[in-house]
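Below is one structure, written out as structure tokens; comments come after it.
The values are calculated or read from the model by the stated rules, or taken from the named source; none is laboratory data. These numbers come from a predicted model, not from an experiment. Cβ placement follows ideal geometry from the backbone for every residue including glycine, while neighbour counts extend to all protein chains displayed. Please note that ligands, DNA and RNA were not included when accessible areas were found on the heavy atoms of the full protein model with its side chains. Shrake-Rupley method; radii C 1.70, N 1.55, O 1.52, S 1.80 Å.
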Amino acid sequence: MSERRHTLAKTASYEADPDEVGRVLLLYSGGLDTSVMLKWIQDEYDAEVVALTVNLGQPDEDYEVVKGKAVALGALECHVIDAREEFARDYVLPAIKANALYGGGYPLFTALGRPLIAKLAVEYAKQSGCDTIAHGCTGKGNDQVRIEATVATLAPEMKIIAPVRGWQMGREEEIEYARKHGIPVKGGTEAPPYSIDDNLWGRSSEGGPIEDLDEPPRDDVFELVTHPTKAPDMPEDVAVEFERGVPVALDGERLELVELLTRAGDLGRRHGVGIVDHIEDRIVGLKVRDIYEVPAAAIILPAHKELEKLTGTIHQNNFKPQLDTQWGFLVYAGLWHEPLLENLNAYMDSVSEQVTGTITMRLYKGSAVPVKRSSPNALYDKDLAGFGESGGLFSQQASPGFIELWSLQSRMAYRVRNRERKDT
Ligand code: ARG
């Protein structure tokens with residue numbers, strides 16, 4: 001008689017069997033979840049932990065403190081990577097070219113950061129002899145999708161563990177665990193009311209009182225952007241210069257991308273620019289309300305779009321927004337390595353060839369609007385088109401002929417329908 005086998009099938013190929021886990025690369029932020037995790041993995045899996053902390057331009061982060069904490073909690077080592085330049089150049093820049101705003105309001109800063117963090121996790125896991133990658137995402141959000149999809153694509157042999165998804169600890173239990181294991185808890189037992197994620201392209205707050213849809217956001221959400229009512233009474237103009245779709249200068253001063261985005265962010269913060277109260281469709285089915293503070297994106301994206309309007313033809317300008325939307329969706333949905341995204345990037349780059357010029361944005365108490373435009377490639381050309389005068393490419397004499405043919409089908413249809421109506 002054959003014995004019945006009770007092997008439990010894994011749900012995903014990359015899920016880790018506890019006895020396969022020898023050394024773990026932990027994506028470490030220094031916060032409560034990942035600090036508890038650092039200890040918990042050593043105990044539960046009897047495994048070694050190497051920590052990795054990625055600097056994507058989170059304001060006011062002290063990476064020496066984060067590193068010290070990781071090592072104190074037993075990490076073999078803690079790598080701190082300054083990935084700001086790569087993030088700006090290879091992730092934020094394509095998003096600018098694609099005018100990326102998911103759901104019409106979210107500039108995707110978190111979604112853009114995850115594939116880079118996951119790529120670095122794979123690199124450092126391999127380099128440090130790790131067989132498993134661990135992250136602190138919950139089972140309810142998009143970030144687990146983005147990180148795991150990227151890791152599984154780049155390193156199919158790598159195992160992934162997501163302890164927060166499985167352990168049955170709430171915040172109270174985590175704090176208790178932390179106390180028991182000598183893990184320092186910032187801010188005491190008072191739960192911070194919001195879940196925060198940030199980098200140089202923006203900051204999000206979720207959870208807590210934000211979940212009450214019938215309440216406006218509380219003032220304590222805003223840590224980045226000045227409340228528009230408290231912003232300066234005088235408007236401020238900033239000229240954003242682009243070369244082939246790339247922002248290269250502010251007010252005539254050429255800047256590296258990280259510096260440019262940081263300065264644009266500082267200007268926006270001061271003027272209350274970039275607050276977005278957003279209802280969003282997560283890729284895992286849930287809806288969520290986010291409060292975003294995106295001062296740099298709220299200046300750079302509309303400036304870029306304005307320049308495209310000036311330099312693109314009517315056909316390009318009608319077509320591209322559809323591709324922009326598709327680009328934003330793929331990135332939101334965590335499919336950074338989907339070939340369609342590469343195809344779309346090629347299109348964006350091709351359009352960007354002509355996107356050179358300067359847009360001046362006026363910042364004033366929460367708004368950022370274009371007030372001046374100039375481009376060597378503008379199709380808005382008074383002399384070339386001969387606006388109203390004779391001699392240019394535009395001919396008013398040709399207008400009636402155009403109108404007659406342009407309206408032909410509509411006029412025919414109108415006539416046919418009226419005939420039918422009369423017949424019955
Ligand atoms: N809703 C945004 C997104 O899905 C922001 C997520 C913020 N992440 C976080 N762990 N708090 O990209």
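Overview of results
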{"item": "Hey, Leu323 assigned to a helix (DSSP H, G or I) and open to solvent by 10 Å² or more (accessible area, probe 1.4 Å) or not", "result": "yes"}
{"item": "Test: residue in segment 121-137 that is in a helix (DSSP H, G or I), open to solvent by less than 30 Å² (accessible area, probe 1.4 Å), within 21 Å of Leu154 (Cβ to Cβ) and away from the ligand (no atom under 16 Å from the Cβ)", "result": "yes"}
{"item": "Residues located in segment 223-261, provided they are crowded, with 18+ Cβ neighbours inside 10 Å, of a type outside the set (Ser, Thr, Tyr) and in contact (Cβ under 8 Å) with a residue 40 or more places away in the chain", "result": "Leu224, Val225, Ala231, Val238, Val240, Glu241, Phe242, Gly245, Pro247, Leu257, Val258, Leu261"}
{"item": "Filter pass, Val273 being touching a helix residue (DSSP H, G or I) at 6+ places or on another chain (Cβ under 9 Å), at pLDDT 95 or above, more than 16 Å from the ligand (Cβ to nearest atom) and open to solvent by less than 40 Å² (accessible area, probe 1.4 Å)", "result": "yes"}
{"item": "Strands (runs of 3 or more DSSP E) completely within segment 166-247 that count 1 or more residues being within 15 Å of the ligand (Cβ to nearest atom) and among the hydrophobic types (A, V, I, L, M, F, W, C)", "result": "195-199"}
{"item": "Residue in segment 370-391 that is under 30 Å from Asp281 (Cα atoms), among the small types (Gly, Ala, Ser) and at pLDDT 95 or above present", "result": "no"}
{"item": "Pairs where the first residue, in segment 391-403, is more than 19 Å from Asp381 (Cα to Cα) and the second is not aromatic (Phe, Trp, Tyr), C-beta under 9 Å, 6+ apart", "result": "Gln397/Ser390"}
{"item": "The lone exception for Arg362 - which of (1) in contact (Cβ under 8 Å) with a residue 24 or more places away in the chain; (2) surrounded by fewer than 17 Cβ atoms within 10 Å (Cβ to Cβ); (3) over 30 Å from Asp381 (Cβ atoms); (4) not β-branched (Val, Ile, Thr) it fails", "result": "(3)"}
{"item": "Count - residues of segment 143-157 that are surrounded by fewer than 21 Cβ atoms within 10 Å (Cβ to Cβ) and touching a residue at least 60 places away in the same chain (Cβ under 8 Å)", "result": "6"}
{"item": "Pair list, Cβ under 6 Å, 6 or more apart: segment 198-216 residue at pLDDT 95 or above and open to solvent by 40 Å² or more (accessible area, probe 1.4 Å), other residue of a type outside the set (Ser, Thr, Tyr) and not in a helix (DSSP H, G or I)", "result": "Glu206/Asp290"}
{"item": "Per-region count, segment 104-119, residues under 15 Å from Leu56 (Cβ atoms), open to solvent by 10 Å² or more (accessible area, probe 1.4 Å) and more than 10 Å from the ligand (Cβ to nearest atom)", "result": "2"}
{"item": "Filter pass, Glu176 being crowded, with 16+ Cβ neighbours inside 10 Å and of a type outside the set (Phe, Trp, Tyr)", "result": "no"}
{"item": "Residue in segment 288-308 that is more than 25 Å from Lys365 (Cβ to Cβ), within 17 Å of the chain's Cα centre (by Cα) and either away from the ligand (no atom under 16 Å from the Cβ) or not in a helix (DSSP H, G or I) (or both) present", "result": "yes"}
{"item": "Qualifying positions in segment 291-315 - among the polar types (S, T, N, Q) and open to solvent by less than 50 Å² (accessible area, probe 1.4 Å)", "result": "Thr311"}
